[in-house]
Structure formats: C-alpha cells, structure tokens
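A short worksheet on the structure shown next.
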Amino acid sequence: MKKEDIHLGDTLTVKVKEDMERPFTGTVQKVYENSALLIITDYESADKQNAAELNFKIVINFKAIVKNLGGGRPNPEPAEAEEH
C-alpha cells in the first residue's frame, strides 16, 4: 500500500509476524514516509498479552497492511507560511 492511500483515522487490517501472532485491526494515529503508527483496536485472544506489552500501539510498515477499511480523513495540506 502507498502513503497516499493511508489517512489519519483509517482502520487497517494488518499482519505483523514479529509482534503479533495473528492479523489484527488498528486505527491510524500518525502517517510516516513508509510506515504508520496504529492504535490496536481489535485482535485475536491469543494476542492479548502481545497487544498489552505494546501498550496497544504499534508502528507498521505499509507492506504489512492486508486491507484498508477506510473511515479516516485525508491528510491536510501543510499551510503555506504567510509573508508579513
């Protein structure tokens, strides 16, 4: 998935073998160049301890995204500096 396809507030289904055993769902809190910070919102019971150890937050690479369920808003364009 590309950065342009990810927006703040989007709900993503993600698969990250290193930190979580099964796919999980998270909400985008911040978008970086090749990754995003997610709040983990839904996960398998087997991953309850893993999610807790991560404080229900995780940075994921865009390559780990299985599906974008949407629900977010486009990232605002940076405001141009006003000249005085």
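Quick notes on this structure:
- Members of the range 20-49 found to be closer than 16 Å to K2 by Cβ and acidic (D, E), listed by number: E33
- Residues that are under 21 Å from R73 (Cβ atoms) and surrounded by 18 or more Cβ atoms within 10 Å (Cβ to Cβ), drawn from the range 17-30: G26, T27, V28
- Residue among V28, V14, V59 that is in contact with a His (Cβ under 9 Å, 6 or more places away or on another chain) and modelled with pLDDT of 90 or more: V28
- Total residues in the range 50-66, condition under 17 Å from K2 (Cβ atoms), of a type outside the set (A, V, I, L, M) and surrounded by 13 or more Cβ atoms within 10 Å (Cβ to Cβ): 2
- Within the range 20-58, if we keep just the residues that are among the basic types (K, R) and assigned to a strand (DSSP E or B), the residue that is nearest to G71 (Cα to Cα) turns out to be K30.
- All positions within the range 21-65 that are among the β-branched types (V, I, T) and within 9 Å of the chain's Cα centre (by Cα): T25, T27, V28, V31, I39, I40, I58, V59, I60, I65
The values are calculated or read from the model by the stated rules, or taken from the named source; none is laboratory data. Since the model is a prediction, treat every value here as computed from it, not as a measurement. In this analysis, Cβ positions are derived from the backbone assuming ideal geometry, glycine residues included, and neighbour counts consider all displayed protein chains.
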